[in-house]
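Let me begin by presenting the structure, written as structure tokens, before commenting on it.
The values are calculated or read from the model by the stated rules, or taken from the named source; none is laboratory data. These numbers were taken from a predicted model, which means no experiment stands behind them. Methodologically, a virtual Cβ is constructed for each residue, glycine included, from the backbone with ideal geometry; neighbour enumeration extends over all protein chains shown. Only protein heavy atoms, including side chains, enter the accessible area calculation; ligands, DNA and RNA are left aside. Shrake-Rupley method; radii C 1.70, N 1.55, O 1.52, S 1.80 Å.
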Amino acid sequence: MTLAQALFVVALAGVLVAVVGFGFVMVSAAARSGGGSYLSTGLLRRLQRSPEERAEFNRWAFYAHRFTGFAVFAFLCLHIVDISLYTFAPGAFDEVHVLYGWTSMRIFECGLLFAILFHTFNGLRILAIDFADLGSRASRGLLTGAVVLTVLLGLGGSAVIMAPVFA
Amino acid sequence: MCVLHAAQAAPELDITIVSKGAVGRSGCTRMVQGGFNAVLSPDDSFELHFRDTLEGGKYLNDQELAWTLINDAPKVIHELETRVGCFFDRGEDGKIRQKAFAGQAFDRTVHRGDLTGIEIMSRLLDQTFRIKPRELGDVRALDLLLDEAGEVAGLTMLDVRTGAVAVLRARVVVVATGGAATMYRIAAPAREKTGDGVAMCYRAGLELRDMEMMQFHPTGLLAGESRLTGAVLEEGLRGAGAYLYNAHGERYMERYDPERMERATRDIVSRASYQEIMSGRGTPAGGVMIDISHLGAEEVERRFAGMVARCRQIGQDLAREPVEISPTSHFAMGGVVIDEYCQTSVPGLLVAGEDAGGVHGANRLGGNGVAESTVFGARAGDRAAIVAPERDLRDPDPAQVAASVDRALAPLQREKGPSPFQVTRDLKEAMWEGCGVVRDREGLVRARERIEELTEQAAQIAVPETPQVNNAWQETLDLANQLTVARAMIDSALVREESRGAHFRSDYSEQDNAHWLRYIVARRGEGGETEISLHPVELTRKRPEPDGPPAEELEREDLEEGREDVKR
Amino acid sequence: MTEPSSKKIRVTVSRSDPGTERTFLVERIEPMMVLDLLIAIQREHDPSIGFRYSCRVAMCGTCTLRMDGRAILACQTPLEPDRDKVRLDPLAGLPVVRDLVVDMKPFFEEWARVKPYLEPVEGLDEPARIRPDSPERQIIDPSLDCITCGACYSSCGIADHKRDFLGPAALNRAMLLIADSRDAAGAERLDAVTASDGVDRCHYIYGCSAVCPKGLDPAAAIRRLRRWRLEGRPR
Ligand SMILES: Cc1cc2nc3c(=O)[nH]c(=O)nc-3n(C[C@H](O)[C@H](O)[C@H](O)COP(=O)(O)OP(=O)(O)OC[C@H]3O[C@@H](n4cnc5c(N)ncnc54)[C@H](O)[C@@H]3O)c2cc1C
Ligand code: FES
């Protein structure tokens, strides 16, 4: 492993730690003051009982949105650096970009893809809420749509990303 | 309303609000559903409203106070609309809509849906963010403090959250703690209303009048042990033709008022239901049934959505089956003797609202309650702004302060004693049985003895030692005041040997104008016993009309079918 | 009336003074509201438990707490017959005074920031003549009966997170005043609520609208304010 590659791996590990840390802080703050329902059997029963209770999904979408947003942002910071290597150290650029072909890196990329897709569709959903003046029910419909699209496109994209591994 | 007016008249005043509950979110003004009586239409008149009020009050009212109420009510509505920001329901023409209310010859009740109180109190609370008075929420006033000359020096108070006690020195004190109607087993008001103000004034030696007059609402919900018991089902149900049955399935109103049946006035229906229940024809839970399902489930759900929802909560379906109800204690007509400026016999002490007596006489008209609390609240504020600058801060008597604080802290220090919750229950039971809708000498005497026993027990109560938010301790302090007021009520009720308005004696069942156009004043005697005196009602403006229509007569058309918005 | 049952319900209440929670086995009554549960605990088990209520008919808004995490009015929430356990906590995002009692100060600080009182327009000396079917009342009337119980604030996820956000209740109040033709400070208020701590913080979690015990829709008020910023106030 070259020096550039080692540095990249360390930085990437830093990104992952930051993302996990952010998730941890977010979840613990939410548990303390989020005011949402607890994950319990009672909640499952309630979600089945009345559609109003399913507004809770909006809350989880909010947390997911923040989490994916931070994850994408953190990776982007690193990515800007590794792309910009091209301008002053093309050799290092090539070395680093070999890493993107590693299987573990590909798995990471799949996760990134899901994050970007969810963040995008959920963001569009929130814009739509404003523009079309959607209430709680309609916005939940859109959320289902956003999740379905994320899963479909994410699976498709993942297949493309992972294809070379199995080839 | 009081703070608003005082601050308007004298912005430099230093004003403090002391409220036992959350400021602006406790008490009954918040709970007003039906509405506010005011003469607004050119076809209506002060004289008409005045007559309705006196007919309702069976001419026991202080006529000057009643006249003041009626005169100021439209002004207050104006002010609420144009300055405070309330918005009452409008008619098609965009003018304030006034609806029919029981016992009145004209549709003059202003309302905001059936949540009028929320609109009034919320907007008044919003005003406090403009005026910014000092707010002591969750702080209980304990006792009034007087100086050596017997004038107001301030009050002692207790912070419910921390358990700390303090003295508040004041030039003027306005007492408006909202009466004591909670002391019955089945009761409608908010839980703060435990007669604190009346008891404080009584201890300070002030005169209380009409204490025997306690209004019962005929259709309070029965929900077993649940706290929802006593919550009011609106009067409009009876207006729309609901039937009342006893446990044998008889429409018992046939026996009490064959002509008007269920649509008779509040006091008559309450009394009838109470007699059915007490003579063993009630349901096992001690109630009677109201049935409106014959109108058709859909119709009921449309017209009485709120009430259907309220019943559904306790698992009953008003639209399809009979619902169990009982009379529920509602409003105390009696209180401290005041003049038109809310002044009492103690200089610097003003009393307003349900704590004051005399405005409603023997029975309050629905819709005159909020009117009273806002009209006299405003007047107290105006008066305070005049009186306060003329007075200086007095030094309270230290012995008085010490006694008041000791009394408050005592239950915390006792290790063992009865539970306050049990004693309160016993009190409510005793009052319900002995000094309830129907009274007689024997029952009153028994209740009186029971109150003595309970007072002794109350003096032994021990509570958990945590001073912060200690509900048991607070309940003990409430209880002491309730017992004081209960005694004054029973003593007054014993004296009035006739039936008038809300006070019905089965041993003296007739109204006796020849002897009893007199009001009863109770005050604390030297030795702590109640001193009762009788005073003729001053008929300064209007005498009872022997030939005029009796009050019941006026009500019938208001309760006619189709008037779905008739409330209390 | 249903038959009296001797069923018990297991109640877990978070307590502030020992710093831990406590579990009680409470006799069921029928019907039983959450408030009845608390009163039963107070009477039969532990008289020192801290909670508050006043009106018990959904008008005062002081009995708000969280049942299994969801903000409710204790006096209005029945315990379903099939329920055998329940967990009660104080509202989220507000300082706890004791046990289930919270200090509503932060809530009212936000409320005060939108100037919640009417600034009457010049010449408003008579009650305004406004038809009940006028566009302005169509906007205002359905959103009016807020009891400032704080359920929305607790369920917001943003307001209760100690971020600077006016919160659903205050924004709903601001919307009402801006829509009110009797009020003169609408433009100023619209500026205030569309500043950085205002409507833009909302992430459409819909926690507020889902829990409002009065069935109001603060999220709709926020959408409206966002729209008015672009399109101007309705006049
Ligand atoms: C269910 C119900 C419905 C009603 N509907 C109507 C209606 O439709 N129309 C109508 O005209 N009237 C109605 N009334 C009557 C009306 O509500 C009362 O007449 C009126 O609210 C009394 O106002 P108040 O200001 O005297 O007292 P409240 O509004 O009751 O205020 C009392 C205040 O005093 C505080 N307090 C009590 N003790 C202390 C203490 N020791 N220290 C400090 N503060 C204390 C309390 O916290 C509370 O804030 C109704 C009453 C009830 C119970
Ligand atoms: S006690 Fe008033 S809203 Fe629940």
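Residues of the range B:218-247 that bury at least 40 Å² of accessible area once all protein chains are present, compared with their chain alone (1.4 Å probe, heavy atoms only, ligands and nucleic acids left out), are B:E225, B:S226, B:R227, B:L228.
Helices assigned as whole DSSP H runs in chain B whose Cα atoms extend at least 30 Å along their own long axis and whose mean Kyte-Doolittle hydropathy is 0.0 or higher are found at B:368-390, B:471-495. Mind giving me the FRET efficiency for B:E545 and B:E449? R0 is 45 Å, r the Cβ-Cβ distance, nearest 0.05 is fine. Once rounded, the FRET efficiency stands at 0.65.
For GluC sites (Glu not before Pro), the sites in the range B:343-440 that DSSP calls loop and that have at most 11 other Cβ atoms within 10 Å are B:E415.
Counting only residues at least eight positions apart within a chain, or on another chain, the lysines with an alpha carbon under 16 Å from that of B:K542 are B:K58. Per residue, the range A:3-166 exposes an accessible area of 53 Å² to a 1.4 Å probe, with every protein chain left in place.
In the range B:1-53, the inverse of the mean reciprocal separation of distinct Cα atoms equals 14.6 Å; this is its Kirkwood hydrodynamic radius. Partner shielding of C:110-118 amounts to 5, given as the average count of beta-carbon atoms from other chains within 10 Å of each residue beta-carbon. Cross-link partners of C:K7 among aspartates and glutamates, defined as those whose alpha carbon lies under 12 angstrom from its own and excluding same-chain residues fewer than eight positions apart: C:E27, C:E30, C:D82, C:D84.
Accessible area per residue for the range B:177-268, computed on protein heavy atoms with a 1.4 Å probe, is 24 Å².
Neighbours of B:G282 by Cβ distance under 13 Å: Lys/Arg scored +1, Asp/Glu scored -1, total -2. Stokes-Einstein diffusion for the range A:3-166, with the hydrodynamic radius set to the Kirkwood value over Cα pairs and evaluated at 37 °C in a medium of 0.692 mPa s, equals 181 µm²/s. Going from the isolated chain to the complete set of protein chains, the range A:115-154 loses at least 50 Å² of heavy-atom accessible area (1.4 Å probe) at A:I126, A:D130, A:D133.
Distance from the Cα centroid of the range B:1-80 to that of the range C:114-135 is 21 Å (rounded to whole angstrom). When the C-alpha to C-alpha distance is required to be over 26 Å, the pairs from C:K115/C:K214; B:K20/B:K132; B:K20/C:K105; B:K99/C:K214; B:K75/C:K214; B:K428/C:K105 that qualify are B:K75/C:K214; B:K428/C:K105. Annotation: lysines with alpha-carbon distance below 19 angstrom to C:K8 (same-chain offsets under eight excluded): C:K85. With K and R counted +1 and D and E -1, the other residues having a Cβ less than 10 Å from that of B:T177 yield a net charge of -1. Using the Cβ-Cβ distance between A:M1 and A:F166 with R0 set to 22 Å, the FRET efficiency from 1/(1 + (r/R0)^6) comes to roughly 0.35.
Can you pull out the buried accessible area for chains C and A, both sides counted, probe 1.4 Å, rounded to the nearest 100 Å²? Result for this pair: about 2500 Å² buried.
Largest accessible area first, the listed residues A:W102, B:W432 line up as A:W102, B:W432 when surface is computed with a 1.4 Å probe on the assembled protein chains.
Within 10 Å of each candidate Cβ there may be at most 15 other Cβ atoms; applying that plus a DSSP loop requirement, which GluC sites (Glu not before Pro) in the range B:258-330 survive? Passing sites in the range B:258-330 are B:E259. Interface C-B: total buried accessible area of about 5500 Å², 1.4 Å probe, protein heavy atoms only. Two numbers describe the Cα atoms of the protein assembly as shown: Rg and Dmax, which are 31.2, 116 Å. Where only DSSP H runs of four or more residues are counted, chain A gives -30500 deg cm²/dmol as its mean residue ellipticity at 222 nm, each run worth -39500 (n - 2.57).
Values of log10 I(q)/I(0) for chain B across q = 0.07, 0.13 Å⁻¹ run -0.38, -1.43, by the Debye formula with one identical scatterer at each alpha carbon and no solvent. Taking GluC sites (Glu not before Pro) across the range B:78-170, the ones in a DSSP loop with at most 10 further Cβ atoms lying within 10 angstrom of their Cβ are B:E92, B:E148. Taking the chain by itself as reference, the range B:176-213 contains these residues with an accessible-area loss of 40 Å² or more in the full protein complex (1.4 Å probe, heavy atoms): B:R191. Treating only the Cα positions of chain C as identical point scatterers, give the base-10 log of I(q)/I(0) from the Debye formula at each q in 0.07, 0.11 Å⁻¹. After summing over all Cα pairs, the log10 values are -0.28, -0.63. Electrostatic bookkeeping for B:T53 treats Lys and Arg as +1 and Asp and Glu as -1; over the other residues with beta carbon under 12 Å from its beta carbon, the sum is +1. Share of carbon and sulfur in the accessible area of the protein assembly as shown stands at 55%, probe radius 1.4 Å. Taking each DSSP H run with n ≥ 4 as -39500 (n - 2.57) and averaging over every residue of chain B yields -11000 deg cm²/dmol at 222 nm. In whole Å, how far is the Cα centre of the range B:437-503 from that of the range B:363-407? The range B:437-503 and the range B:363-407 have Cα centres spaced 24 Å from each other.
Would you mind getting the accessible area per residue of the range C:3-102, heavy atoms of the protein chains only, 1.4 Å probe, in Å²? Per residue, the range C:3-102 has 33 Å² of solvent-accessible surface. The C-alpha atoms of chain A define a longest principal axis, and helix A:136-166 lies at about 30 degrees to it.
Given the range C:105-231, what whole percent of its Cα pairs are spread farther than 24 Å? So the pairs more than 24 Å apart make up 23 percent of the total in the range C:105-231. Computed from the Cβ-Cβ distance with R0 of 25 Å, the FRET efficiency linking B:H535 to B:D14 stands at 0.10. Per residue of B:89-95, other chain Cβ atoms within 10 Å of the residue Cβ number 5 on average. Inter-part distance, the range A:95-132 to the range C:6-47, computed on C-alpha centroids, equals 47 Å.
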